[in-house]
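Participant: I have a structure here, written as structure tokens, and I will follow up with some questions on it.
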Amino acid sequence: MIERDLLQTLTKRVSEPRKHIQVLMGPRQVGKSTMASQMLKKIRNPFIFESADAVSAGRSGWIEQIWEAARVKFKVQPDKEFILVIDEIQKIPNWSETVKRLWDKDTINGTGIKLVLLGSSQLLLHKGLTESLAGRFETMYLGHWSFTEMEKAFNWNADQYAWFGGYPGGAELIRDEDRWKNYINNSLIETSISKDILMLTRVDKPALLKRLFELGCHYSGQILSFTKIQGQLQDAGNTTTLSHYLSLLDTAGLLAGIEKYAANIIRKRSSSPRFQVHNNALLSAQKNENFEEIMQKPAEWGHIIESSVGTHLINHSISQNYSVYYWRERNDEVDFVLERRGKIIAVEIKSNDSENIKGLEVFRNKFMPDKSYLISNRGMTWQEILRINPVELF
């Protein structure tokens, strides 16, 4: 069983009288389908659970076919409610228009079919929901697994989580790192890029997008201007193309480009991105070193720790509704700046015993944040911050 907070929320919402379409979105292999199955077992209503992942391209009538099957089953069974779950809904052309038409017809006719949609492409889901289904849906976001979840499920320690990340499907493979890395690269990275980006969105230079992802993983936790990125990529195109590709990688739950904190929104958007993987497994799987080797390299291990804290912060940002930035001015820098409902939090990470916190002090004087935290061996440790919900920092 996946014991995640959203399971209770999803079960409660679907148990309520039919009113809204429930939409559960998140990256691949984080447990969306499993959670939907557990919800169905708890509610015990008749249901149909179908996935569009294996549906051939162009079958726009597929949704209508399974919906009609649900209507027939609803009519012949004694229950007053029926649940239809559709996984990877964004794979079907014009899915939102079809869902709107069928949902509205059932609403008019009083047909008690409740709808749960699952999807791994936030970009296409949000587009369809806002364009066609306004006022008809509620969303939930299921992110990558946290340290406490991996600890509870697989008895991992913080070091293991920092290196192997939060993919539950690969947890049993970590004793054979070559096999684990093949699983992450082939079953997760390649599938996410090919199915959630390249098959669903126009990408004129797919090789460039893949190379940008690899480069971003290598520099996770570091700031790199698009001009410098162009210098390391062949056929890099312009900065607008690179920024767009980075946004696609972000919506697929792979790689984010954190913006620089500034009071001016335009300055935020024009800043050089700080690369940040959504899951540290994406970084580790592409390194030559193994777990034992990387821990013998203090500087490299420090980058792994910092990136792991970054994954923790950005993965909670969607569900907890806060923004994540970095800050740098000349030689002064703050690793992460969190912004929520007008409150500002500064977070600086020192994986070694360095006491140089000048950047944090300069930021305090300039922006007067509500709170500031030094993550170090002498204060709150990085292991401790991985155990808390970042919203508690506010």
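Participant: Can you tell me which residue among ILE21, ILE63, ILE113 is touching a residue at least 40 places away in the same chain (Cβ under 8 Å) and closer than 17 Å to SER132 by Cα?
Facilitator: Testing whether each residue is touching a residue at least 40 places away in the same chain (Cβ under 8 Å) and closer than 17 Å to SER132 by Cα leaves just ILE21.
Participant: Can I ask one more? Of all residues in the range 232-258, which are among the acidic types (Asp, Glu) and outside any helix (DSSP H, G or I)?
Facilitator: Correct list: ASP235 only.
Participant: Among the residues that make up the range 266-281, is at least one of them assigned to a strand (DSSP E or B), at pLDDT below 95, of a type in the set (D, E, K, R) and closer than 24 Å to TYR161 by Cα?
Facilitator: So far as the range 266-281 goes, yes, one or more of its residues are assigned to a strand (DSSP E or B), at pLDDT below 95, of a type in the set (D, E, K, R) and closer than 24 Å to TYR161 by Cα.
Participant: Inside the range 324-371, can you point out the residues that are over 20 Å from ARG274 (Cα atoms) and either outside the structural domain of ALA262 (by TED's automatic domain parsing) or in contact with a Lys or Arg (Cβ under 7 Å, 6 or more places away or on another chain) (or both)?
Facilitator: Result: ASP370, single match.
Participant: Identify, from the list ILE229, ILE184, the residue that is closer than 25 Å to GLY143 by Cβ, β-branched (Val, Ile, Thr) and assigned to a helix (DSSP H, G or I).
Facilitator: Answer to the check: ILE184.
Participant: Inside the range 32-136, counting only helices (runs of 4 or more DSSP H) that do not spill past its ends, which hold 3 or more residues that are among the β-branched types (Val, Ile, Thr), outside the structural domain of ASP250 (by TED's automatic domain parsing) and surrounded by fewer than 19 Cβ atoms within 10 Å (Cβ to Cβ)?
Facilitator: Where helices (runs of 4 or more DSSP H) fall fully within the range 32-136 and carry at least 3 residues being among the β-branched types (Val, Ile, Thr), outside the structural domain of ASP250 (by TED's automatic domain parsing) and surrounded by fewer than 19 Cβ atoms within 10 Å (Cβ to Cβ), they are 62-76.
Participant: Which of the numbered conditions does ASP159 fail, given that it passes all the others? Conditions: (1) modelled with pLDDT of 95 or more; (2) touching an Asp or Glu at 6+ places or on another chain (Cβ under 9 Å).
Facilitator: Unmet condition: (2).
Participant: Checking the conditions here, which among ARG175, ARG202, ARG179 is at pLDDT 90 or above, surrounded by fewer than 21 Cβ atoms within 10 Å (Cβ to Cβ) and not in a helix (DSSP H, G or I)?
Facilitator: ARG175
The values are calculated or read from the model by the stated rules, or taken from the named source; none is laboratory data. Everything quoted here is computed from the prediction, not taken from an experiment. Here Cβ is always computed from backbone atoms with ideal geometry, including for glycine, and neighbour counts include all displayed protein chains.
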